[in-house]
1. Right, residue 72: part of a helix (DSSP H, G or I), modelled with pLDDT under 90 and over 30 Å from residue 16 (Cβ atoms) or not?
């Protein structure tokens with residue numbers, strides 16, 4: 001964060017953090033509530049920060065482009081699943097060989 005323990009000792013203990021330090025902290029730890037960090041009130045961890053969507057519309061991407069990207073992603077996931085299965089089988093065979 002660009003800060004040291006000296007920022008929290010001695011006379012600095014009674015000094016407020018500047019907005020840059022708060023911004024860096026919240027960038028590194030986005031789950032921490034800014035309200036809690038600044039005021040000490042409320043929950044430390046942000047609630048309801050993520051909204052799950054089946055898909056995300058973007059004005060710059062037409063629907064067909066989204067579908068194409070989604071299809072390519074799904075295809076790649078299946079390829080990776082196949083590779084994982086093959087690698088698991090290799091590990092199994094190597095364990096059998098090394099046990100002999």
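1. yes
Results for (1) at negative phi; (2) under 21 Å from the mean Cα position of the chain (by Cα); (3) part of a helix (DSSP H, G or I); (4) at pLDDT below 85, shown as yes or no for each residue.
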{"site": "43", "(1), (2), (3), (4)": "yes, yes, no, no"}
{"site": "47", "(1), (2), (3), (4)": "yes, yes, no, yes"}
{"site": "51", "(1), (2), (3), (4)": "yes, yes, no, yes"}
{"site": "56", "(1), (2), (3), (4)": "yes, yes, no, yes"}
{"site": "79", "(1), (2), (3), (4)": "yes, no, yes, no"}
{"site": "85", "(1), (2), (3), (4)": "yes, no, yes, no"}
{"site": "88", "(1), (2), (3), (4)": "yes, no, yes, no"}
{"site": "92", "(1), (2), (3), (4)": "yes, no, yes, no"}
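The values are calculated or read from the model by the stated rules, or taken from the named source; none is laboratory data. Given the structure is predicted, the values throughout are model-derived calculations rather than measurements. Because the Cβ atoms are built from the backbone with ideal geometry, glycine has one as well, and the counts that use them run over all protein chains shown.
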